[in-house]
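Worksheet: the structure to be examined is printed underneath.
The values are calculated or read from the model by the stated rules, or taken from the named source; none is laboratory data. Predicted model only: the values in this text are computed from it and were never measured. FYI the Cβ positions are ideal-geometry reconstructions off the backbone, even for glycines, and counts take in every protein chain you see.
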Amino acid sequence: MSIIVVRARSDVKVERSIRETMGMLNLTKVNHAVIIPENPQYKGMLQKAKDYITWGNADADLVEKMISERGRLVGDKPVTDSDVKSSTDFGSIKEFATAIASGDATVKDMPEMKRVFRLHPPRGPKGWGGLKRTYVIGGALGPRGEDITALVERMI
């Protein structure tokens, strides 16, 4: 299983250890997203930075859409099926995305692809929905579960 993590807030006046944690997650700017495997080390990092990020479970369709529309190779070129086929054991973006979502592969398996997805700010009237409250009480921060799909689709 994999997790999609999106940075929602800036790190101005943030404790140094939290800033370093977001750096280790490759979340250096607002509206950047990463796909990480689900393991205890990453879970601890998510809890440490929970007041600045939001996350949820990745599904194969969303990962495929992120890679095909917002994924970039070194040199800022878009990712294509032929790039995936030449640098991984998978034949297409769809197969690669399915493997990432299930936890059988990671974004690191394709070394030419950048690990960060640069997304737009959330479109629509709601926007982020409040950057100082958790998602559970109507804000934008913390764990979202399956609802991360709706947010990332508005940001692609």
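Is there a residue in the range 81-101 that is in contact with a His (Cβ under 9 Å, 6 or more places away or on another chain) and not basic (Lys, Arg)?
Within the range 81-101, the subset in contact with a His (Cβ under 9 Å, 6 or more places away or on another chain) is none.
No, there is no match, as no residue in the range 81-101 is in contact with a His (Cβ under 9 Å, 6 or more places away or on another chain) and not basic (Lys, Arg).
Being part of a loop (DSSP other than H, G, I, E, B) and among the β-branched types (Val, Ile, Thr) is the filter; apply it to the range 114-156 and report the residue that is modelled with the highest pLDDT.
The first filter runs over the range 114-156 and keeps only residues part of a loop (DSSP other than H, G, I, E, B), leaving 114-116, 119-133, 138-140, 146-147, 156.
If we keep only those that are among the β-branched types (Val, Ile, Thr) as well, we get 116, 156.
Details: Val116: 97, Ile156: 92.
Only one residue fits best here, namely Val116.
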Filtering the range 1-23 down to residues that are farther than 19 Å from Gly129 by Cβ, polar (S, T, N, Q) and surrounded by fewer than 16 Cβ atoms within 10 Å (Cβ to Cβ) yields Ser17
Given (1) at negative phi; (2) modelled with pLDDT of 95 or more; (3) surrounded by 15 or more Cβ atoms within 10 Å (Cβ to Cβ), number of the condition Asn26 does not satisfy
(1)
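On the basis of being of a type in the set (Asp, Glu), over 13 Å from the mean Cα position of the chain (by Cα) and over 21 Å from Leu141 (Cα atoms), does Asp61 make the cut? Before you say what the answer is, go through the steps one by one.
Values: of a type in the set (Asp, Glu): yes; over 13 Å from the mean Cα position of the chain (by Cα): yes; over 21 Å from Leu141 (Cα atoms): yes.
Yes: the conditions hold for Asp61.
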Residues within the range 95-117 that are loosely packed, with under 14 Cβ neighbours inside 10 Å and under 16 Å from Val79 (Cβ atoms), tallied
2
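What about Leu62, is it of a type outside the set (Gly, Ala, Ser) and either free of Cβ contacts under 8 Å to residues at least 24 places away in the same chain or in contact with a Lys or Arg (Cβ under 8 Å, 6 or more places away or on another chain) (or both)?
no
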Quick test for you: out of Asp104, Asp89, Asp109, Asp147, pick the one residue that is touching a strand residue (DSSP E or B) at 6+ places or on another chain (Cβ under 8 Å) and charged (D, E, K, R).
Asp147
Inside the range 59-113, counting only helices (runs of 4 or more DSSP H) that do not spill past its ends, which hold 1 or more residues that are of a type in the set (S, T, N, Q) and within 16 Å of Ser2 (Cα to Cα)?
93-102
Has the range 4-11 got any residue that is polar (S, T, N, Q) and modelled with pLDDT of 95 or more?
no
